[in-house]
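Structure record follows, encoded as structure tokens.
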Amino acid sequence: MSEEQFIFHPDSEPIKDGKVTWRSPSNIALVKYWGKKANQIPANPSLSFTLNACATRTSLSYTQRKHYADDFSFDLYFEGSQKEDFKPKINTFFKRIAPYVPFIKDVHLTIETSNSFPHSSGIASSASGMSALALCLMDIERQMDTTMTLDFFHRKASFLARLGSGSACRSIEGDLVHWGSHEDTVGSSDLYGIKYPYTVHEVFKNYHDTILLVDKGQKQVSSTVGHDLMHAHPFAQNRFDQAHENLTKLKTILVEGNLPEFVKIVESEALTLHAMMMTSLPYFILMKPNTLAIINKIWAFRESSNTNVCFTLDAGANVHVLYPQNEHKVVYQFIKDELVVYCENGQYLCDRIGFGAKKINS
Ligand code: DP6
């Protein structure tokens, strides 16, 4: 689908006052998105597990504006309190999506949002937050266009979410989502995420992700700055090619349930992401000593226990520990015995693969 197909042409009832609520999860990339072109177009395709427990709940109330104005009128509440400092990001988002959802200028919006995970956990809320807001807006659009298919609803929600934050376009559905044009992935697009279109082995169902909160502080480098640094990066093209190759390899690995090969790609992707940060100009290191201590412990345990536990990282120091359901007992015990000690205040979050966003009926 092209961008033009996402432009809303009102030919039905005008928007009425109302309120919608959605809960949208976070996601963790197996093949990482790092580097983008103009208009939130990814430099390479990516693949993620949708999560379940880490999520944002957003309510959007809308009332007709008295007079037309060529701007946006909205209030924003985060966990019950008005948040002025979040507003510029939402304003930028609205500017980007207004051509596709022009009705947002006709209403005053009240956004009430909260996360299931602690705000200062170092867990990025942009994926769950932007996708929840995009879904609320699509819900309003659907009320004016009753012929809309569920497929279009998901696609456009993902398309809008991408314009808020790239990785957010992978949070609409589950349990595995692919985003970005890739020769070997049918239906793939740079404009939105799609449910992974191939067979996935049973072993990947119910996969666990225990998130170890190594450093709960503010990110040293925003992902926007990080993506930008890929423009003049000496290894960028090789990295983008590698993401394509890894996705092609994963196709067979996911069908076969080949966990040793899965582990190799997932860990290599995480380390490559950080290697890109370490070799950009300016360069930076987002891992902390405890991140490395955890990685080494995981490697030693994997060897001695003959399990398939592995790690991945996002753009920060926290470690996502991934493992299949049939190894849950032994790996979770290992995490409690040997890894939690490296977490800030012993904090960690237990999550697992999930099936996407849900509408909350009031
Ligand atoms: C390292 O989606 O946060 O988590 O598009 O600028 O909002 P923006 O970036 P963002 O980048 C996520 C990068 C990553 C890898 C990934 O999720 O694929």
**Message:** Among the residues in the stretch 302-324, are any closer than 23 Å to PRO45 by Cβ, modelled with pLDDT of 95 or more and polar (S, T, N, Q)?
**Reply:** yes
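Could you tell me whether the stretch 326-344 includes any residue that is surrounded by 18 or more Cβ atoms within 10 Å (Cβ to Cβ), within 23 Å of SER223 (Cα to Cα) and either within 16 Å of the ligand (Cβ to nearest atom) or under 25 Å from the mean Cα position of the chain (by Cα) (or both)?
Taking every residue of the stretch 326-344 in turn, at least one turns out to be surrounded by 18 or more Cβ atoms within 10 Å (Cβ to Cβ), within 23 Å of SER223 (Cα to Cα) and either within 16 Å of the ligand (Cβ to nearest atom) or under 25 Å from the mean Cα position of the chain (by Cα) (or both).
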**Complete:** Residue pairs within 9 Å by beta carbon, gap of at least six or interchain, first lying in the stretch 291-310 and more than 14 Å from VAL340 (Cα to Cα), second loosely packed, with under 14 Cβ neighbours inside 10 Å, listed first then second, are ASN308/PRO260
**Message:** Testing THR113 on (1) out of contact with any helix residue (DSSP H, G or I) (no Cβ under 7 Å at 6 or more places or on another chain); (2) part of a strand (DSSP E or B), one condition comes back false. Which one is that?
**Reply:** (1)
**Complete:** Residues of the stretch 142-175 being within 16 Å of the ligand (Cβ to nearest atom) and open to solvent by 40 Å² or more (accessible area, probe 1.4 Å), in sequence order, are GLU173
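Which one of these is acidic (Asp, Glu), closer than 20 Å to GLU202 by Cα and out of contact with any helix residue (DSSP H, G or I) (no Cβ under 8 Å at 6 or more places or on another chain): GLU344, GLU327?
Numbers: GLU344 fails: closer than 20 Å to GLU202 by Cα.
It is GLU327.
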**Flag for ILE211 being closer than 20 Å to PHE153 by Cβ, in contact with a Ser or Thr (Cβ under 9 Å, 6 or more places away or on another chain), in contact (Cβ under 8 Å) with a residue 12 or more places away in the chain and hydrophobic (A, V, I, L, M, F, W, C)** = no
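I need the full set of residues from the stretch 11-28 which are more than 16 Å from the ligand (Cβ to nearest atom) and either within 21 Å of LYS205 (Cα to Cα) or assigned to a strand (DSSP E or B) (or both), in order please.
Our first condition is that a residue be more than 16 Å from the ligand (Cβ to nearest atom); within the stretch 11-28, this holds for 11-23.
Those that are more than 16 Å from the ligand (Cβ to nearest atom) and either within 21 Å of LYS205 (Cα to Cα) or assigned to a strand (DSSP E or B) (or both): GLY18, LYS19, VAL20, THR21, TRP22, ARG23.
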**Message:** I'd like to verify a number: residues in the stretch 199-227 that are at pLDDT 95 or above, open to solvent by 60 Å² or more (accessible area, probe 1.4 Å) and not hydroxyl-bearing (Ser, Thr, Tyr), how many?
**Reply:** 2
**Asked** In the set ALA53, ALA69, ALA127, which member is part of a loop (DSSP other than H, G, I, E, B) and of a type in the set (Gly, Ala, Ser)?
**Response** ALA69
**Asked** If PRO99 passes every condition in (1) within 29 Å of SER2 (Cβ to Cβ); (2) open to solvent by 70 Å² or more (accessible area, probe 1.4 Å); (3) touching a strand residue (DSSP E or B) at 6+ places or on another chain (Cβ under 6 Å) but one, which one does it miss?
**Response** (3)
**Asked** Name the residues in the stretch 346-358 that are touching a Lys or Arg at 6+ places or on another chain (Cβ under 8 Å) and more than 15 Å from ASN115 (Cα to Cα), would you?
**Response** GLN347, ILE353
**ARG162 vs. criteria farther than 20 Å from ASN27 by Cβ, assigned to a helix (DSSP H, G or I) and among the basic types (Lys, Arg)** = no
**Fill in**
Expected output for the stretch 222-236 (first residue assigned to a helix (DSSP H, G or I), partner within 9 Å of the ligand (Cβ to nearest atom), Cβ below 6 Å, 6+ apart or cross-chain) is SER223/ALA315; GLY226/ALA315; HIS227/LYS36
**Request:** Report the residue count in the stretch 294-333 for those that are assigned to a helix (DSSP H, G or I) and of a type outside the set (A, V, I, L, M, F, W, C).
**Result:** 13
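Look at the stretch 74-93 and say how many of its residues are among the small types (Gly, Ala, Ser) and part of a strand (DSSP E or B). Let's see the steps before the verdict.
We begin by selecting, within the stretch 74-93, every residue among the small types (Gly, Ala, Ser); these are 80-81.
Right, trim to part of a strand (DSSP E or B) and you get 81.
Residues that pass the stated criteria total 1.
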**Request:** Report yes if some residue within the stretch 29-37 is without any contact (Cβ under 8 Å) to a residue 40 or more places away in the chain, under 30 Å from ALA232 (Cβ atoms), of a type in the set (Lys, Arg) and within 13 Å of the ligand (Cβ to nearest atom); otherwise report no.
**Result:** yes
**Asked** Would you pick out the residues in the stretch 253-277 that are farther than 10 Å from THR312 by Cα and either of a type in the set (Asp, Glu) or away from the ligand (no atom under 16 Å from the Cβ) (or both)?
**Response** ILE253, LEU254, VAL255, GLU256, GLY257, ASN258, LEU259, PRO260, GLU261, PHE262, LYS264
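The values are calculated or read from the model by the stated rules, or taken from the named source; none is laboratory data. Bear in mind that the values here come from a model prediction, so they are computed numbers and not experimental data. Every residue, glycine among them, receives a Cβ derived from its backbone with ideal geometry; neighbour counts consider all protein chains shown. The area values use the complete protein model at the heavy-atom level, side chains included, leaving out ligands, DNA and RNA. Shrake-Rupley method; radii C 1.70, N 1.55, O 1.52, S 1.80 Å.
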